Amino acid sequence: MLTFENVTKIYSGSKKAVNNLNLQIEKGEFICFIGPSGCGKTTSMKMVNRLIEPSEGRILIDGKDIMKQNRVQMRREIGYVIQQIGLFPHMTISENITLVPKLLQWSKEKRRERAVELIKLVNLPEEYLDRYPQELSGGQQQRIGVLRALASNPPLILMDEPFGALDPITRDGLQEEFKDLQKRLGKTIVFVTHDMDEAIKLADRIVIMKDGEIVQVDTPDEILRNPANEFVESFIGKERLIQTKPDVTTVGQIMNKIPATVHKEETLSTAIQRMKEKRVDSLLVIGDDQTLEGYIDVEDIEENRKKSTLVGEIYETELYKVKEDSLIRDTIQKMLRRHTKYVPVVDDQNKLKGIVTRATLADLVYDSIWGDEDDN
Amino acid sequence: MDTLIQFFQEQGSTLALKTWEHLYISLIAVLLGILVAVPVGILLTRINRAADTVIRIVSIIQTFPSLAILAFFIPILGVGKVPAIVALFFYSMLPILRNTYIGIKNTDKNLLEAGRGMGMTNTQLIFSVELPLAIPIIMAGIRVSTVYLIGWATLASFVGAGGLGDFIFDGLNLYQPELILAGAIPSTILALLADFILGKVEKKLTPTTKSTHYETA
């Protein structure tokens, strides 16, 4: 899909920003370029759509040399997302999203249709199409930035630290959403970042760069297990190398499979009874077929016991949950970051499968400290 | 009051004519200024090296005494409206040129990168991103220019271009303060009016960045 052949970039002067880069990227692959600032990762990416032109070597997209194509035409066929989002403040969200289709002279109706279709992808309401960028939050704006890159359905998307300027929780959410989207749409992504967590989480392969050269190209797992040299090791950080073990375990393997639940049709007194039996302060609320609906805690019951009788009337629906195949490392991080006490685990149909609590984490830490000794 | 009525009876039609001349000289000069300075200002943002020099030269022209400039054009263009318009045109250049240059130059670099990266051509970037966003600054330059020019146009009377300056200079020559006022007051009103109308135009041209049905907190 995308090939770098001996690509070198020399800026005025003599320093080589990128030195003899060779890389083959397959269709549908999610590639992260990572490295310290000045390592040439952004330069490498920007050479793909010729915002920076290579000094030597060739870059091929689907076997065609980019330097032999019309620059403007070529860029319209490559999605582009920047860190600072760069939505045009004087255009509505709809106009922003369908900018490239407009450049490609799609009809007005077709553009609007596409905008409606796209905004649904990121679960934003259709009314937002007629708002202006400044009326949206940073996270929403970057969602639109991503949609804008998807608008004309380009097979290849370049992203320059797209989530770098967002707060950690918004970033987390967007990363997940985007990885999901990428898998569904089968796009090839070249993603520049300096955040190792982000690269590990998103990439199929990570390209680690230093001083304009590639140090290591591999899957996140391989890089964590077999860092090529000391530089990679120090770049990954000792912390993460220690964490490698839980990295490969999924939530499904360690969760508690019998969480304390209450059906939404049950009464509050049943709920409080169950809390007492199970020695917990909150219960997961389920609907028919074990679908997870929300949670209810002892305070909710206390506040509402005079007004309501059924769990279904007062339970809370705002709930963070993970899938069975999520990595433990990510889940732990998120629990710590959000200060939650537990995370319910669901399958693809949102059916409750289990729960990870802080007690589960204690088991995990216990295993990693004494687990090996037990085996002997 | 009586003198005022008398003045209008005697000079009413002349006043209307002079006001029209005045307006016409200034507006043609400003229009020419816009037609030249806006494109040149945009062009300068594309050739950075020349920008400083050009703006400096135009600034220097601005410092020439206006009477001297008017006089300077007499041997070349003779007397009448043409030399007056040309001289005023030179004065209108600087504020418009400088504001256009600054306005375009100040466009958020990220927007340009996003636009370019998505495959907008240079022309598309200018007309659908840079120019719309620079409108308030460019319009500020045009307003300043217009107000100045309406003031300076009184001097055009020196080279026989007519305008409200005729009243002022007649008044000075004949020691008739009412004639001076008859020139000065309409010229001030014209300037205020022009500024007001241009303010409306500015509002109209400035692109919206907020949807009306939705209020931000």
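The values are calculated or read from the model by the stated rules, or taken from the named source; none is laboratory data. Just so it is clear, the structure is predicted and the values come from calculations on it, not from any experiment. Please note: Cβ atoms are built from the backbone with ideal geometry, for glycine as well, and neighbour counts cover all protein chains shown.
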Q | Single residue of A:49, A:20 found to be surrounded by fewer than 17 Cβ atoms within 10 Å (Cβ to Cβ), touching a residue at least 24 places away in the same chain (Cβ under 8 Å) and not hydrophobic (A, V, I, L, M, F, W, C) | A | A:20
Q) Is it the case that residue B:147 is touching a residue at least 12 places away in the same chain (Cβ under 8 Å) and more than 21 Å from residue B:31 (Cα to Cα)? A) no
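Per-residue answers, yes or no, for (1) in contact with a Leu (Cβ under 7 Å, 6 or more places away or on another chain); (2) surrounded by fewer than 17 Cβ atoms within 10 Å (Cβ to Cβ); (3) under 30 Å from residue A:200 (Cβ atoms):
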site: A:261; (1), (2), (3): yes, no, no
site: A:298; (1), (2), (3): no, yes, no
site: A:303; (1), (2), (3): no, yes, no
site: A:318; (1), (2), (3): no, yes, yes
site: A:348; (1), (2), (3): no, yes, yes
site: A:356; (1), (2), (3): no, no, yes
site: A:359; (1), (2), (3): no, yes, yes
site: A:366; (1), (2), (3): no, yes, yes
Q | Per-region count, the range B:123-134, residues out of contact with any Gly (no Cβ under 7 Å at 6 or more places or on another chain) and facing another protein chain (nearest Cβ under 9 Å) | A | 4
Q | Only listed residue being closer than 22 Å to residue A:61 by Cα and of a type outside the set (Ser, Thr, Tyr), chosen from A:102, A:183 | A | A:183
Q. Taking residue A:59, is it away from chain B (no Cβ under 14 Å) and surrounded by 21 or more Cβ atoms within 10 Å (Cβ to Cβ)?
A. yes
(Q) The conditions are (1) assigned to a helix (DSSP H, G or I); (2) within 21 Å of residue A:78 (Cα to Cα), and residue A:190 fails exactly one of them. Which is it? (A) (1)
Q. Does residue B:157 satisfy the condition of being hydroxyl-bearing (Ser, Thr, Tyr), under 20 Å from residue B:66 (Cβ atoms) and modelled with pLDDT under 90?
A. yes
Q.
I want to confirm something. Restricting to the range A:131-152 and keeping residues that are surrounded by fewer than 24 Cβ atoms within 10 Å (Cβ to Cβ) and among the polar types (S, T, N, Q), which single residue is nearest to the other protein chains (Cβ to nearest Cβ)?
A. A:134
Q. Filtering the range B:87-102 down to residues that are of a type in the set (Val, Ile, Thr) and surrounded by 19 or more Cβ atoms within 10 Å (Cβ to Cβ), which residue is farthest from the other protein chains (Cβ to nearest Cβ)?
A. B:96
Q) What single numbered condition from (1) surrounded by fewer than 21 Cβ atoms within 10 Å (Cβ to Cβ); (2) over 26 Å from residue A:333 (Cβ atoms); (3) away from chain B (no Cβ under 14 Å); (4) at pLDDT 90 or above fails to hold for residue A:204? A) (2)
Q: Give the residue that is nearest to the other protein chains (Cβ to nearest Cβ), with candidates limited to residues of the range A:161-191 that are closer than 29 Å to residue B:207 by Cα and surrounded by fewer than 23 Cβ atoms within 10 Å (Cβ to Cβ).
A: A:165
Q: Please give the number of the condition residue B:4 fails out of (1) surrounded by 15 or more Cβ atoms within 10 Å (Cβ to Cβ); (2) at pLDDT below 85.
A: (1)
Q: Counting only residues that are under 32 Å from the mean Cα position of the chain (by Cα), give me the helices (runs of 4 or more DSSP H) lying completely in the range A:214-331 with at least 2 of them.
A: A:220-225, A:230-236, A:238-248, A:251-254
(Q) If I filter the range A:85-98 for residues that are in contact with a strand residue (DSSP E or B) (Cβ under 8 Å, 6 or more places away or on another chain) and touching a residue at least 12 places away in the same chain (Cβ under 8 Å), do I get at least one hit? (A) no
Q: Examine the range A:100-121 for a residue that is touching a residue at least 60 places away in the same chain (Cβ under 8 Å), within 25 Å of residue A:10 (Cα to Cα), more than 10 Å from chain B (Cβ to nearest Cβ) and within 26 Å of the chain's Cα centre (by Cα), and state whether such a residue exists.
A: no
Q: Quickly run through the range B:115-174 and pick out the residues that are of a type in the set (A, V, I, L, M), closer than 24 Å to residue B:197 by Cα and part of a loop (DSSP other than H, G, I, E, B).
A: B:164
Q | Within the range A:62-99, considering residues that are at the interface with chain B (Cβ under 10 Å from one of its Cβ atoms) and among the small types (Gly, Ala, Ser), the one nearest to residue A:19 (Cα to Cα) | A | A:79
(Q) With surrounded by 13 or more Cβ atoms within 10 Å (Cβ to Cβ) and on the phi > 0 side of the Ramachandran plot as the only criterion, which of B:163, B:183 stands out? (A) B:163
Q) Is at least one residue of the range A:88-96 polar (S, T, N, Q), within 27 Å of residue A:196 (Cα to Cα) and buried (at least 22 other Cβ atoms within 10 Å of the Cβ)? A) no
(Q) Restricting to the range A:192-201, name every residue that is over 11 Å from the mean Cα position of the chain (by Cα) and buried (at least 23 other Cβ atoms within 10 Å of the Cβ). (A) A:192, A:193
Q. Taking the condition at pLDDT 90 or above and charged (D, E, K, R), does residue B:81 pass?
A. no
Q.
Criterion first (touching a helix residue (DSSP H, G or I) at 6+ places or on another chain (Cβ under 8 Å) and modelled with pLDDT under 90) does residue A:177 satisfy it?
A. yes
Q) Going through the range B:103-112 one residue at a time, which ones are at the interface with chain A (Cβ under 7 Å from one of its Cβ atoms) and surrounded by fewer than 18 Cβ atoms within 10 Å (Cβ to Cβ)? A) B:110
